[in-house]
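*Asks:* The structure that follows is given in the form of structure tokens.
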Amino acid sequence: MGSEKKRVQFRAPHRLVDRADALADVLGEDRTDILVTALREYLQEAAHDDAITQEIAAAYYDDEISVEQLKALLGAEEAANLRVLKQQLDEEFIDEVADA
């Protein structure tokens with residue numbers, strides 16, 4: 001991952017933030033490190049969850065997310081596979097419409 005950083009701001013339940021702060025104290029880190037690690041791990045797990053992967057693929061097929069977003073979520077290899085499949089599906093649709 002690149003070293004470029006983007007500032008984000010969000011609201012979270014007090015208890016969740018308190019837990020992140022407590023873990024940061026135990027580990028000698030700051031809250032941001034804890035939250036970034038948690039987010040990174042969640043996104044990594046999500047990329048390997050079949051149900052979420054299907055939702056991501058459907059969003060890509062429906063042009064709701066870009067190929068760059070697809071790569072960021074699933075990795076370059078899986079994104080390439082889905083691009084090929086989308087192209088094949090599009091070609092099949094065109095052929096079906098042309099035959100009708």
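The values are calculated or read from the model by the stated rules, or taken from the named source; none is laboratory data. These numbers were taken from a predicted model, which means no experiment stands behind them. We place every Cβ from the backbone using ideal geometry, glycine too, and count neighbours over all the protein chains shown. Calculation scope for accessible area: heavy atoms of the full protein, side chains included, ligands and nucleic acids excluded. Shrake-Rupley method; radii C 1.70, N 1.55, O 1.52, S 1.80 Å.
*Asks:* Can you pull out the GluC sites (Glu not before Pro) in segment 39-84 that DSSP calls coil and that have at most 16 other Cβ atoms within 10 Å?
*Replies:* Details: sites: Glu41, Glu45, Glu55, Glu64, Glu68, Glu77, Glu78; in loops: Glu64.
The qualifying sites are Glu64.
*Asks:* Could you please state how large a percent of the accessible area of the chain is carbon and sulfur, counting protein chains only and using a 1.4 Å probe?
*Replies:* Carbon and sulfur atoms account for 51 percent of the accessible area of the chain.
*Asks:* Oh, and also: Projected area of the chain, taken from the Cα convex hull and averaged over every viewing direction, in nm²?
*Replies:* Projected area, direction-averaged: 9.0 nm².
*Asks:* Check each of the trypsin sites (Lys or Arg not before Pro) in segment 1-99 and keep only those in coil by DSSP with at most 11 other C-beta atoms within 10 angstrom; list them in order.
*Replies:* Taking segment 1-99 and a limit of 11 other Cβ atoms within 10 Å, the loop trypsin sites (Lys or Arg not before Pro) found are Lys5, Lys6, Arg7, Arg11.
*Asks:* Roll a 1.4 Å probe over the protein chains and send me the accessible area per residue for the chain in Å².
*Replies:* 87
*Asks:* Here is a follow-up. Quick one: what are the phi-derived ³J(HN,Hα) couplings along segment 6-21, Karplus 6.51/-1.76/1.60 with θ = phi - 60°, whole Hz, x for glycine and proline?
*Replies:* Once θ is set to phi - 60°, the couplings for segment 6-21 become 10, 6, 10, 9, 8, 9, 9, x, 3, 4, 5, 5, 4, 5, 4, 5 Hz.
*Asks:* Here's something else I'd like to know. With every protein chain left in place, what is the accessible area of Tyr42 in Å² (1.4 Å probe, nearest 10)?
*Replies:* 130
*Asks:* On C-alpha positions alone, give me the angle between the axis of helix 76-99 and the longest principal axis of the chain, in degrees, nearest 10.
*Replies:* Long axis of 76-99 versus the principal axis of the chain: about 30 degrees.
*Asks:* 222 nm [θ] for the chain, helices only, -39500 (n - 2.57) per DSSP H run of 4+, per residue, to 500?
*Replies:* Using -39500 (n - 2.57) per qualifying helix, the result is -24000 deg cm²/dmol.
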